[in-house]
Amino acid sequence: MTHDEMTALLERIAAHNPVLFPLFSLEFGDAVVGVERGELLATCRDLFDAGFDRLGMVTAVDRGEVFVLVYRLHSRSLSAAIFVKTQVPRHDPWVDTVVDVWPAALWQEREVFDLFGVEFQGHPDLRRILLPEDFVGHPLRKDYDDPRMIRRPDYI
Amino acid sequence: MPMTIESSRPASTPDGTPVEELVVNIGPSHPSTHGVGRVIVHLDGDIVVRAEPVIGYLHRGIEKMAESRTYLQVVPLTDRLDYVGSMYANWSYCRAVERLAGIRVPERAEYLRVIVCELQRIASHMMGIGASAADTGASTFFIYAFDHRERIVELFEELCGARLTYNYVRPGGVSYDAPEGWFDRVTAFTQAFRYGFDELDQLYFGNAIARGRLKGVGVLTPEDAVAWGASGPTARASGVNWDLRKHDPYSVYPRMDFDVVVGERGDAYDRGRCRLFECLESCRIIDQAVAQISGGPVRTEGLRRLIAPKPGEAYDHIESARGSLGIYLVSDGTPKPYRMHVRSPAFCNLALLPMLAEGHTLSDLIVVLGSLDPVFGEVDR
């Protein structure tokens, strides 16, 4: 899919989804779309209908005040990939689940919940997946501090 | 296969007949799940009502550890992800770093990467099918398959000194050039593999017992394979023709002539046989790469030891033996990654187990687990 075709597709989706703001870039070879967290599910459904039938990856990045959630979608029919990003405030981290759109999110959202503490509303089975059930804290947050953690000295 | 009876709770059939549902913990069965693969199975007689994989026993926090190491120091960590196919995580990570920092890779290094990764694919598949064959009792096939793997591991040992965690692919190239006569030995291996291929195929997939155990077990429809994010031979066996080497080409794969092996039924038999025939395609790629490789450096000259890419993020994925293995890297401009995420194919494929095993017998569950070929280093990270 060329740059122009991708732009046209995203403009078509944005036409009936005004919250989609065109954070459209091809810096590292992939289109990036940013949405408000309330519009994430609707945007994902639109993108699914547009042909993005495969959810490759769900993850999050701790950016201090906010967590940025990153979804990588892929389409075989369009031969295109796209990043959808949304951000949730640190003090109130929740977002709608996309399990209804792609069941692939079932485990991946659990992992984000486990390691970042982001709540996925409507997820059928939101439990810790990699860490024990009684684990305290969310290790991939930047402020996570565990005395047992071995830190490398800053020798560089 | 150690089994412990945890609890049993009464239930009843719709007509009121009391039956007991048995909860069984299935321990390590597939050798790549040694000690850490656990499935809680709810049984009704011999039939699996619900199978729930419990993962995380091998969780070492590699994504967190990467945040406190420099970009080059992370490479040995990626070895420990998929420990029967270390080259792939190396390569995927290095590609993400190269994309982030704008590093160019010499052509000879790209060819060497393709050769080692295709050899790795054969080694990994031999482990995968061999182990799942051993699960069903076909020990002879396991030994034959492991013999092929051993030859490849010897080639790797000669190349980089290690037999399991190679740390061979580095940002900007590969660590060492091939020793004298190494390419001849690679060609000798592919010839020997081709010579023994039919025997290998007939030994297991032509066997009436194996056919009976594998055919029709754990059928995955193409729609489910796409929706659940399955990749690699697991998805291709269902007829999903998707291979990153063909459909999102990287490195020097566009110069190679090979076919994507696609199955029809999506059962355990097709998943296993897909892997076996993929090895034959890998041999084709290796032979072409050995013929095309030319001289030159194997690492980028003048690459600073300390890579500090400008702030930004990059995602890169390659077709590993288990599917699309992607690395998502975020840089904040310092010499250490701000965030690294591993999109692991084994994690996504293992999520299919509850769906595939339901309604089959307990012994079929082992076959289904083996046919998904999970490696828990990569599942748990």
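The values are calculated or read from the model by the stated rules, or taken from the named source; none is laboratory data. The structure displayed is predicted, hence computed values, not measured ones. Cβ atoms come from the backbone with ideal geometry, glycine included; neighbour counts cover every protein chain shown. Please note that ligands, DNA and RNA were not included when accessible areas were found on the heavy atoms of the full protein model with its side chains. Shrake-Rupley method; radii C 1.70, N 1.55, O 1.52, S 1.80 Å.
Some points to look at:
- For beta carbons closer than 6 Å, sequence separation of 6+ or different chains, a first residue in region B:165-185 that is among the aromatic types (Phe, Trp, Tyr) and a second that is in a loop (DSSP other than H, G, I, E, B), the qualifying pairs are B:168/B:175.
- Check on residue B:291, farther than 30 Å from residue B:25 by Cβ, at pLDDT below 85 and open to solvent by 10 Å² or more (accessible area, probe 1.4 Å): no
- Within region B:64-75, considering residues that are in contact (Cβ under 8 Å) with a residue 12 or more places away in the chain and open to solvent by 10 Å² or more (accessible area, probe 1.4 Å), the one farthest from the other protein chains (Cβ to nearest Cβ): B:72
- Positions within region A:41-65 being over 29 Å from residue B:98 (Cα atoms), of a type in the set (A, V, I, L, M, F, W, C) and modelled with pLDDT of 85 or more, in sequence order: A:41, A:44, A:48
- Members of region B:76-99 found to be over 18 Å from the mean Cα position of the chain (by Cα) and either free of Cβ contacts under 8 Å to residues at least 60 places away in the same chain or open to solvent by less than 20 Å² (accessible area, probe 1.4 Å) (or both), listed by number: B:96, B:97, B:98
- Of the strands (runs of 3 or more DSSP E) entirely within region B:1-119, those holding at least 2 residues that are modelled with pLDDT of 85 or more occupy B:38-44, B:47-54.
- Residues that are free of Cβ contacts under 8 Å to residues at least 40 places away in the same chain, assigned to a helix (DSSP H, G or I) and not hydrophobic (A, V, I, L, M, F, W, C), drawn from region A:82-110: A:110
- Residue that is within 11 Å of chain B (Cβ to nearest Cβ), more than 13 Å from the chain's Cα centre (by Cα), farther than 20 Å from residue B:223 by Cβ and open to solvent by 10 Å² or more (accessible area, probe 1.4 Å), where the choices are A:63, A:110, A:76: A:63
- Checked across region B:139-158, the condition of being buried (at least 23 other Cβ atoms within 10 Å of the Cβ) and within 19 Å of the chain's Cα centre (by Cα) holds for at least one residue.
- Region B:224-283, subset surrounded by fewer than 19 Cβ atoms within 10 Å (Cβ to Cβ) and of a type in the set (Lys, Arg), residue nearest to the other protein chains (Cβ to nearest Cβ): B:246
- Filter pass, residue B:319 being more than 26 Å from residue B:68 (Cα to Cα) and without any contact (Cβ under 8 Å) to a residue 12 or more places away in the chain: no
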